[in-house]
Structure formats: C-alpha cells, structure tokens
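**Student:** Let me begin by handing over the structure; questions about it come next.
The values are calculated or read from the model by the stated rules, or taken from the named source; none is laboratory data. Given the structure is predicted, the values throughout are model-derived calculations rather than measurements. Backbone-built Cβ (ideal geometry, glycine too); neighbour counts: all protein chains shown. Just so you know, the surface numbers come from the protein's heavy atoms only, side chains and all, with ligands and any DNA or RNA stripped out. Shrake-Rupley method; radii C 1.70, N 1.55, O 1.52, S 1.80 Å.
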Amino acid sequence: MPDPFKPLIGNPLIAFELATVDPNGDPTTGITRTETSKTSFSIDTEEMKFSATGGIDAWDTRRYLNIWVCTMVGQYLNLSHIWGESRVPSCSDSDFVTDTPNQYGPNGGKPTFPHVTCNNAPHGDMFMNYMDYVDDDTMFMFSKEQVARMHAALEFERSQLGTPSPGM
Amino acid sequence: MNDDTPDPARLHKRWLHSYEEDTETEAVYRPESYAFPPSRGPRPGFELRPDGSCILFGIAPTDAPTTEPGRWNLNGDTRVLTCTDSTRRPVMSARVTSVGEDRLTVKKE
C-alpha cells in the first residue's frame, strides 16, 4: 500500500450474505442454477440477465443484490469508475469523489506505483482502488469519500436492501 | 496543413486503447487486430472511416461497452482529432502526436 494513500483508506463496513428467503417467500440457499442452451453470453447484450434470452431474470433489485458472473458491487452502491464517468478516456471528467486523484482511463494488470496520468504526480492514479480495472490481487481499497457515497446509497436508493417481501 | 500532419488515410481503422503502453502524457491506441492482453472491461476506442463517419467505443458506468456513431475530423493545424455525435456535440477530442501503421498516440488531456 503506497504511503500517500494510506490516510485515505475507507472501510465500508458493509457485508453481504446469501439470501435465505426468495422473492416468493420460500427458503433459499441464495443461489439458483439455470440450465441454458447458450454456450456463451455477451456483456454487450446482458442476455444472461433475462430469462427470455437464455439467462435468468433478476430478483427484485431493490431488495436483493443479484450477481450473474461478474457484477461490480460498487456501481450498485452508486460508485463510478475511478477514472470518471466519460465513456472515453479523458482528464476532464470526474468520479464525483474528491479524494481519488483525477485519472485518464482504466488501468489493467498490475501497475507499479506511482502510475501518473492527468498531471496527478507525484502519487498518480489510485489504481489499487476496487473501481479500477486492475487484477483482483492488485485492488484492495475504497477511499473514504467512496464509502460515504455507498452509505448514502444504502440510506436512500438501496434502503430496502435486506428487508422482507411485502405481505410476508 | 502542417508538413507533419498525419495522412488521414492512415487513421482509417478501428483503434482501441492499449492503456498498458501509455506514458504519463500520451495514450497509445492500436488497431483492433492487435494482440491485446486480456482486459477486465471493454477497451475504449474509435473507428474512423474514409467517408467521415466514426464509431466511438466507450465504457458505460455499468461496465457495459457502448457504441456511438458520429462524424470525425482531424484539424490540420492543431492535429486535434474530434468525434461528434449525431447532435454534433463533441464526444471525443484528442491531440494526435503520432500515427504509425499499427500505433496511434494522442496527448492525455
């Protein structure tokens, strides 16, 4: 962990567990298995997320976090990619948190510290952040302001997460 | 046009961001046929066509790849490559610093 970013580490204190009750009120392990004739799914079309296209429909996303193959949980809690909201790399966009350095575009693999873009020397990109595209063993932090955004999402947009089904 | 202005014909292909090769100040793009290492998400980029149309490949906030058709232009004096969307709003603007057969670099701005 690079020293300059150590004071910025935030702990989300958010834990997920497998659902024990499904949307119909029946007991569940929280894992469903779907047989499909499809041999692959494209992330372009998100066909895996719909029964009509060979995948499986989500459970009510207000009350459950659905994971198919690889869903980044940060976005569900209102975080942006750490390089910003622009669809193409740019130094002029933002991820709406101020304690992550301005970053040009995604990083991949295992960058070495410091990785400078967008005049963000001397410390460079916070590429070890979960909202970048580096390898699993290279990402290990949220920043404090990212944590604040996640907590705000849990308080408002996702306030029904984990609550019982209506009528139960 | 400046003498060192890149020949627009060399730009006519689909270029994808080879971010592993970036420097602090320059971003590197490669043709889509390039042997890119695996990427966690889609690679952003653009396809520049001889008829002036372009397609912008981006990353949505949800990680899904996006495609956006538009028009492109290379300013001969400033070497600024611009792609505009269907409403003529600039969606990409980058200063080209070099164009090779299989390598395009732009300034990070």
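**Student:** Could you tell me whether residue A:105 is open to solvent by less than 60 Å² (accessible area, probe 1.4 Å), free of Cβ contacts under 8 Å to residues at least 60 places away in the same chain and either closer than 30 Å to residue B:25 by Cβ or within 12 Å of chain B (Cβ to nearest Cβ) (or both)? Before the answer, list the steps.
**Tutor:** Numbers: open to solvent by less than 60 Å² (accessible area, probe 1.4 Å): yes; free of Cβ contacts under 8 Å to residues at least 60 places away in the same chain: yes; either closer than 30 Å to residue B:25 by Cβ or within 12 Å of chain B (Cβ to nearest Cβ) (or both): yes.
Judged against the criteria, residue A:105 is a match.
**Student:** A further question follows. Please give the number of the condition residue A:92 fails out of (1) closer than 14 Å to residue A:5 by Cα; (2) open to solvent by 40 Å² or more (accessible area, probe 1.4 Å).
**Tutor:** Among (1) closer than 14 Å to residue A:5 by Cα; (2) open to solvent by 40 Å² or more (accessible area, probe 1.4 Å), residue A:92 violates only (1).
Every residue, every condition in (1) in contact with a Gly (Cβ under 7 Å, 6 or more places away or on another chain); (2) hydrophobic (A, V, I, L, M, F, W, C); (3) free of Cβ contacts under 8 Å to residues at least 40 places away in the same chain; (4) more than 11 Å from chain A (Cβ to nearest Cβ), yes or no:
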| site | (1), (2), (3), (4) |
| --- | --- |
| B:10 | no, no, no, yes |
| B:19 | yes, no, yes, no |
| B:31 | no, no, no, yes |
| B:42 | no, no, yes, no |
| B:45 | no, no, yes, no |
| B:51 | no, no, yes, yes |
| B:63 | yes, no, yes, no |
| B:71 | yes, no, yes, yes |
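**Student:** Here's something else I'd like to know. What is the one condition in (1) open to solvent by less than 70 Å² (accessible area, probe 1.4 Å); (2) under 30 Å from residue A:113 (Cβ atoms); (3) of a type in the set (A, V, I, L, M, F, W, C) that residue A:65 does not satisfy?
**Tutor:** It is condition (2) that residue A:65 fails.
**Student:** Given the conditions (1) polar (S, T, N, Q); (2) away from chain B (no Cβ under 11 Å); (3) under 19 Å from the mean Cα position of the chain (by Cα), which single one is not true for residue A:112?
**Tutor:** (3)
**Student:** Also: Go through (1) free of Cβ contacts under 8 Å to residues at least 60 places away in the same chain; (2) more than 14 Å from every other protein chain (Cβ to nearest Cβ); (3) assigned to a loop (DSSP other than H, G, I, E, B) for residue A:52 and report which single condition fails.
**Tutor:** (3)
**Student:** What's the number of the only condition in (1) surrounded by 13 or more Cβ atoms within 10 Å (Cβ to Cβ); (2) under 16 Å from the mean Cα position of the chain (by Cα) that residue B:64 fails to meet?
**Tutor:** (2)
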